[in-house]
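Rule-based calculations on the coordinates, nothing more; no lab input. Quantities reported herein were computed from a predicted structural model and do not represent experimental measurements. Don't worry about glycine lacking a Cβ; one is built from the backbone with ideal geometry, like all the others, and counts go over all protein chains shown.
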Number of protein chains: 4
Amino acid sequence: MIVNMSRNATQEQIDHVVERIKECGYQAHVIRGAERTVIGAVGSNGRRAELEALQAAPGVEELVPISQPFKLVSRQLRPEPSVVNVGGVPIGGEHWIVMAGPCSVESREQLLATARAVRDAGGSILRGGAYKPRTSPYDFQGLGVEALELLREAREETGLPIVTEVMSTEDVDLVSEYTDMLQVGARNMQNFPLLRRLSRAEKPILLKRSPSATVKEWLLAAEYLLSGGNPNVVLCERGIKTFESELRNTFDLAAIALAKELSHLPVVADPSAIAAGADGIMIEVHPCPERALSDGPQSLDLKAFAQLMAELDRPERKRARTTVKV
Amino acid sequence: MIVNMSRNATQEQIDHVVERIKECGYQAHVIRGAERTVIGAVGSNGRRAELEALQAAPGVEELVPISQPFKLVSRQLRPEPSVVNVGGVPIGGEHWIVMAGPCSVESREQLLATARAVRDAGGSILRGGAYKPRTSPYDFQGLGVEALELLREAREETGLPIVTEVMSTEDVDLVSEYTDMLQVGARNMQNFPLLRRLSRAEKPILLKRSPSATVKEWLLAAEYLLSGGNPNVVLCERGIKTFESELRNTFDLAAIALAKELSHLPVVADPSAIAAGADGIMIEVHPCPERALSDGPQSLDLKAFAQLMAELDRPERKRARTTVKV
Amino acid sequence: MIVNMSRNATQEQIDHVVERIKECGYQAHVIRGAERTVIGAVGSNGRRAELEALQAAPGVEELVPISQPFKLVSRQLRPEPSVVNVGGVPIGGEHWIVMAGPCSVESREQLLATARAVRDAGGSILRGGAYKPRTSPYDFQGLGVEALELLREAREETGLPIVTEVMSTEDVDLVSEYTDMLQVGARNMQNFPLLRRLSRAEKPILLKRSPSATVKEWLLAAEYLLSGGNPNVVLCERGIKTFESELRNTFDLAAIALAKELSHLPVVADPSAIAAGADGIMIEVHPCPERALSDGPQSLDLKAFAQLMAELDRPERKRARTTVKV
Amino acid sequence: MIVNMSRNATQEQIDHVVERIKECGYQAHVIRGAERTVIGAVGSNGRRAELEALQAAPGVEELVPISQPFKLVSRQLRPEPSVVNVGGVPIGGEHWIVMAGPCSVESREQLLATARAVRDAGGSILRGGAYKPRTSPYDFQGLGVEALELLREAREETGLPIVTEVMSTEDVDLVSEYTDMLQVGARNMQNFPLLRRLSRAEKPILLKRSPSATVKEWLLAAEYLLSGGNPNVVLCERGIKTFESELRNTFDLAAIALAKELSHLPVVADPSAIAAGADGIMIEVHPCPERALSDGPQSLDLKAFAQLMAELDRPERKRARTTVKV
């Protein structure tokens, strides 16, 4: 249920409504807009009839039910786009960004060379895997803490914020210490204990869409994060599984448009997606793709990345650039 | 098998090779490039060993096997992109075009109003269904010959060439009389008797991808047209069936890039696809989408179409415009 | 709309209702059950309000709207299962049958050896392709009329009725002369001109499900046949396209159960499907699968077929056997 | 690599080979068959050339490479089917079993009534969810430890072993204390930290197939469990996501046959699957499905369950029954 407060509602009236929502057994989420404040009442175990009596409370203009199964992520509750801050780089709204870096962190040389190229070409955020989810137990599983140390060093040198995947509830505290954003991989999109743990993390979350998730299931996974207390969520589309086996995944362009219509959260995606209104792109870059320990064939080399960045320079939306510190 | 003739091969030498290919039980397709002539030898019942002896024929530089199951549509046989002429409008190569019009022709007023709007906004070709493939026998099945008459009238008034779907071998001659291009609908992509009949038609073919076809199956369907004698084929991507039921089809952006990599044929697609290198787009336009007898929800109204066209104006590739005759 | 006549309605009353249905602009389909007669009124262009006035006509018990988009194929209109007679072999109801034979008819020896093995093992109907829909134009396309002649000879020798695919409206008359049942291949499931032509054929139809059709789309394709005048339709499930590329198609067991719940038409399918309530199975059999010109890998050899038939012998439902004429 | 020892290889020779495998940087897995011992050498970082020198070691008959990406789960390494013991109930080989119980444990009454019905109808193992993975954070998430206590009580009363899902690495020890088998849900099939933790658990694992996993990805997930040290794995097929949205999942019958061909692990599945060679079935049973807190529509009531069990009684394979202790 959305409680629309009237324009001149006082803080006291707002506090009273929040209080009552909690007494009825719901969570209260206060969203302050430019013109008015709205309060979301969410939960499944509250006393609905009592909640509806708020209609008559002072300062309340109207009560509107939220028709979608997701509540806090919906456009209905928050019509303006959210802007998520990642180590000083804003994502969403009028900003669009480029996250780039290697699939896996493999060595100091590989990471620093890539990081400098990303910075020089105007990239906004450095990505790189420390813990890798691999289909086979015999494949390279990532360098772990050693990779986190290297990512920290790359940030110090280039000033780029860092995003890396976290696969386990037990690693959340450690990875949060080192990076600016925590990525949930596609295979973990419905790992609910991980989502619940991340909803209490202090860092923003990059939530990849599972290759078999509908847009609604993806938004409900984001709802786990927001309802648990973490409003800083960025969605990432990376393609779905279809019968076409020639290509690894089928990139779902329309899903970006649909996600942005249904939700206020920013969406990042692959380069071809900017036309669909994505707020940013995420690219794998490697100094020598054919020697990469994971996902080489889908990585750009440093020169191709610089060319792509030049082409992407578009005047109509601001691209967030990092002010390099050193 | 591809027979690459040497640069200074004489016409007599070319004729000799063609003759020998036929004697070995294959079809011979001569492709004259700017620099040299290549000859494709295709078929499955020929005498391969005899064919390979052509290696030693005068004027032959080398023989190259065609690795893909499709032959005449492959980039291997013809590295330069094909340009297909539709009633004076070139599609492919450096030209990109816009086909627009209603899903179904419903009335004189509806069609002419749309045709004028398409022409005024700079559209290249007018589309409109006369025979409609409908999932239910109880749905509107198209106006048939009456619609063909109206399409002819719209061409006369606006100068726009016409494309319309043909569903049956028995209608090919009739529809060819009225229109400039014959469309094979997605459900007929593997209607092989229809493809064989159209391979002998005098008009170019717009071949839509079936929602369950791989890119290879799509190109093999085009191969039926080329191997039967019709080289004027344009591919049209319109989305594939996936588990995501919120959206009718999942538009397969990467398939356009893959089709253009594997084949020299032009590809048209929906507006968001220009980023993937499509040679054109195909849009449903209707003066009043909510009153359309078919596919209303996915049609643009006339004003939205004009806006889209303005946005699409890009300097780097030539958009083919029709010189209006009257 | 379904018009349920009362138990003691007279023929005159029934005729009157039929007359009125036609006058209102609908088709009338009379279904005589053991206890009562029901009349289906179908079509999309009738005058609904006038039709509803039939409520008050003599002999009418009640009017029930048909909720599904398919009408004549629905269980709602005809609760008892249909039985389709194929050259003396009943399919549906309490009968279940085995159709077997080669993918393609390749030679007299191949066909007759297979036909005898099918008869000896207790098969009910002989299948064999004369016209083959092939993904590539360079693959074996079937022997055509020569194959039809051989199928006729095999029927004369074994007494087995024949089913074969018809791909083109132009071949319907010819193929009908030779065979007992006409098959619509999976790729032609939504070839509407072909369906309309077959709705006027004198032979029963075997309608294969397209690998990308929902059960509803499949039943609507059958509706084309029934609404055009051919009530003798048997559905055939053969698997759908999914992301699992290890197997050619994913056999959709639940679709058989769903089709039988929604429709009164018989369903045949592959051997593993009898558990799901299929009315029969359709198997490719070849004397020497590794030398088959099409679909060898999925064919059984003659011995394996005889073993399967022995295993399938189940007491609880009658298996229709052909009395061999000599 | 598989090292086939000769029939009369001594224990000393076997120990020597194991030692050498480890020295070369691989894991060694000894499998003692009725006739001979084979030793699997698995891992990706070993010194292959040195390993191949084992060809000449005393007692070694031959070295055979494992062609599939999964090694320990493959039929190639262990041709005979594995039998997994769950609280005294064998699964696999000549035994087939029925697991039944409610989707979620909801109350003492609900669970005990169901457990008694499962025991009385001849069910082998009691299932019931304590921790529920739910698409929405607002849906019932399971009773947690309270449910585990009730499951223990149900086992004490009925003698049925217990299987329940574990969603988080942190819950593995706790859930292991209460139950006889740990289930990995479909959404966690590629939760690799969970798989690694469960590879060190003392209880057997029921590994559900993800609705978007190929059979190979499923077997590689099982490989995580075996390569980490837990050989007691049972696979569970529950359907895949396809374009057919009428049904929640498309049950993939052929996947069971394929999994059993590629792997020696037992497979359980839904009731219709016994025809495909499944080693058991898993059914949701609830005293009152329409009041269930989760998955009510797909549950059987107690009477329907008893009927199904009666029908499933087949003489040709032994159904494992629990000898009720009290």
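Laid out as a table, the results:
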{"item": "D:E62 versus D:E109: modelled label distance in nm, points set 7 Å from Cα along the beta carbon direction", "result": "6.6 nm"}
{"item": "GNM top mover of D:L194, D:L160, D:L308 - chain D, alpha-carbon springs below 10 Å", "result": "D:L308"}
{"item": "Phi-based couplings in Hz for the stretch C:26-34 (Karplus 6.51, -1.76, 1.60; Gly and Pro marked x)", "result": "10, 7, 10, 10, 8, 10, 9, x, 5"}
{"item": "Fully extended contour minus Cα-Cα distance, from B:N85 to B:D301, at 0.36 nm per residue", "result": "75.0 nm"}
{"item": "Pairwise label distance in nanometres, B:E153 with C:K22, each label 7 Å out on the Cα-Cβ vector", "result": "3.5 nm"}
{"item": "Most mobile of B:G142, B:G46, B:G123 in a GNM of chain B (Cα contacts under 10 Å)", "result": "B:G46"}
{"item": "Computed helical MRE - 222 nm, chain B, DSSP H runs ≥ 4 contributing -39500 (n - 2.57), nearest 500", "result": "-8500 deg cm²/dmol"}
{"item": "Leading residue at positive end of dipole, chain B (Cβ point charges), from B:V89, B:L308, B:A117", "result": "B:V89"}
{"item": "Cα long-axis angle, helix A:215-227 against chain A (0 to 90 degrees, to the nearest 10)", "result": "70 degrees"}
{"item": "Cα-centre dipole for the stretch C:84-311 with unit charges at Cβ (Lys and Arg positive, Asp and Glu negative), debye to 20", "result": "380 debye"}
{"item": "Test item: C:130-142 mean partner chain Cβ contacts at 10 Å", "result": "6"}
{"item": "Inter-part distance where the stretch A:179-234 and the stretch B:197-228 are each reduced to a Cα centre, Å", "result": "44 Å"}
{"item": "Label distances, nm, D:P297 versus same residue in remaining copies, Cβ-directed 7 Å point", "result": "1.9, 3.7, 3.9"}
{"item": "Cα gyration tensor category, rounded, prolate or oblate, for the stretch A:84-311 with a/c compared to 1.5", "result": "rounded"}
{"item": "Pairwise label distance in nanometres, A:E261 with D:E177, each label 7 Å out on the Cα-Cβ vector", "result": "5.1 nm"}
{"item": "Peptide-level mean, for D:213-220, of C-beta atoms on other protein chains within 10 Å", "result": "4"}
{"item": "Unit charges on C-beta of K, R, D, E only; dipole of the protein assembly as shown, Debye", "result": "0 debye"}
{"item": "Chain D: angle of helix D:302-312 to the longest principal axis, Cα-based, in degrees nearest 10", "result": "40 degrees"}
{"item": "Peptides ranked, highest mean first, by Cβ atoms within 10 Å: ranges B:128-138, B:54-64, B:217-227", "result": "B:217-227, B:128-138, B:54-64"}
{"item": "Student exercise, the stretch A:82-133 dipole from Lys, Arg, Asp, Glu Cβ charges, in Debye to nearest 20", "result": "120 debye"}
{"item": "The stretch D:52-67 - phi-based ³J(HN,Hα) in whole Hz, Karplus 6.51/-1.76/1.60, Gly and Pro as x", "result": "5, 5, 4, 2, 8, 6, x, x, 8, 8, 7, 10, 10, x, 8, 7"}
{"item": "Shielding by other protein chains, A:250-263, mean Cβ within 10 Å", "result": "4"}
{"item": "Whole-number percent relative contact order across the stretch D:100-139, with pairs defined as alpha carbons under 8 Å at least 6 apart", "result": "51 percent"}
{"item": "Most fluctuating residue given options B:V38, B:V118, B:V285, as computed from a GNM of chain B linking Cα atoms under 10 Å", "result": "B:V38"}
{"item": "Hz values of 3J(HN,Hα) by residue in the stretch C:3-10 - Karplus curve (6.51, -1.76, 1.60), Gly and Pro given as x", "result": "9, 7, 7, 6, 4, 9, 5, 8"}
{"item": "Rounded tilt (10° steps) of C:253-262 against the dominant C-alpha axis of chain C", "result": "30 degrees"}
{"item": "Relative contact order [Cα under 8 Å, 6+ residues apart], the stretch C:84-311, whole percent", "result": "21 percent"}
{"item": "Cα-based reach from C:K303 at 28 Å (exclusive), listing lysines while leaving out same-chain residues under 8 positions away", "result": "C:K132, C:K208, C:K318, C:K325, D:K260"}
{"item": "For the protein assembly as shown, the Rg and Dmax computed from alpha carbons only, in angstrom", "result": "33.4, 98"}
{"item": "Sites D:E170 and A:R75 - FRET efficiency at Förster radius 35 Å, r taken between beta-carbons, to 0.05", "result": "0.50"}
